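Take a look at the structure set out below.
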Amino acid sequence: MKRWSAITLGLLLIGLTVSWHAQKASGQAEAGWITLFDGKSLDNWDTVGDANWRLVDGVVVADKGNGFLVSKNSYTDFQIRAEFWVDDDANSGIFIRCTDPTKITSKNAYEVNIYDQRPDPSYGTGAIVDVAKVSPMPKAGGKWNVYEITAKGPQFTVTLNGTRTVDGASDSQHGSGRIALQHGAGVVNDAGIVKFRKVEIRPL
């Protein structure tokens with residue numbers, strides 16, 4: 001009995017060691033990332049405007065009104081990873097370094113656009129409005145997408161679903177500010193659907 005107890009204890013210790021190393025490696029891989037939205041709570045966000053944001057089945061969704069979810073904290077240099085879904089005529093975007101969190105526009109922030117039907121597609125989905133054009137414009141409608149956005153000093157890069165859409169754009173108008181997720185008027189009758197499933201940020 002003692003021999004079997006020793007073997008069982010040894011196997012248990014090996015299992016715990018392997019599990020600890022796996023967790024440590026996972027933690028190191030995600031080191032520095034902060035979850036702003038996990039599908040469960042909007043505690044890290046304020047609402048601005050009249051968009052009808054609500055939590056449904058692990059996502060935050062809006063399909064009426066004009067407004068934003070605005071982070072409660074400000075950020076200077078950072079990386080963002082965001083998972084989002086929009087329909088084809090939605091008007092959305094991720095605004096970064098918002099200098100006025102109560103009145104957000106592309107003039108007092110950087111708008112990383114999500115707008116497949118924008119009349120001028122050069123600043124549509126994948127672009128930073130009035131800062132960095134995109135050509136050809138990728139389409140995000142009707143599927144889950146991943147935005148990766150890096151802002152470091154005056155330099156910006158944007159990647160959509162693994163494809164770089166903005167590479168090394170430079171602008172120094174806004175040095176720091178909040179993050180905002182947009183639901184704007186859709187192309188037809190304010191009907192655009194916007195969903196966010198996960199939003200993470202890593203200060204640099």
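The values are calculated or read from the model by the stated rules, or taken from the named source; none is laboratory data. Fair warning: this is a prediction, and the values are worked out from it, not measured in the lab. All Cβ positions, even for glycine, are placed from backbone atoms using ideal geometry, and neighbour counts span all protein chains on display. All accessible areas refer to the heavy atoms of the entire protein, side chains included, with ligands and DNA or RNA removed. Shrake-Rupley method; radii C 1.70, N 1.55, O 1.52, S 1.80 Å.
Is it the case that residue 138 is at pLDDT 95 or above, under 29 Å from residue 31 (Cβ atoms), of a type outside the set (Gly, Ala, Ser) and open to solvent by 10 Å² or more (accessible area, probe 1.4 Å)?
Numbers: at pLDDT 95 or above: yes; under 29 Å from residue 31 (Cβ atoms): no; of a type outside the set (Gly, Ala, Ser): yes; open to solvent by 10 Å² or more (accessible area, probe 1.4 Å): yes.
No: the conditions fail for residue 138.
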task: Go through (1) open to solvent by less than 30 Å² (accessible area, probe 1.4 Å); (2) at positive phi; (3) of a type outside the set (A, V, I, L, M, F, W, C); (4) assigned to a loop (DSSP other than H, G, I, E, B) and name the single condition residue 174 misses.
output: (2)
statement: Residue set 184, 126; condition among the small types (Gly, Ala, Ser), closer than 17 Å to residue 104 by Cβ and in contact with a strand residue (DSSP E or B) (Cβ under 6 Å, 6 or more places away or on another chain); output residue 184
query: Counting just the residues of the stretch 78-98 that are open to solvent by 10 Å² or more (accessible area, probe 1.4 Å) and within 15 Å of the chain's Cα centre (by Cα), which one comes out farthest from residue 42 (Cα to Cα)?
result: 79
Check on residue 146, in contact with a strand residue (DSSP E or B) (Cβ under 7 Å, 6 or more places away or on another chain) and in a loop (DSSP other than H, G, I, E, B): no
message: Can you pull out every residue in the stretch 149-163 that is outside any strand (DSSP E or B) and touching a residue at least 40 places away in the same chain (Cβ under 8 Å)?
response: 153
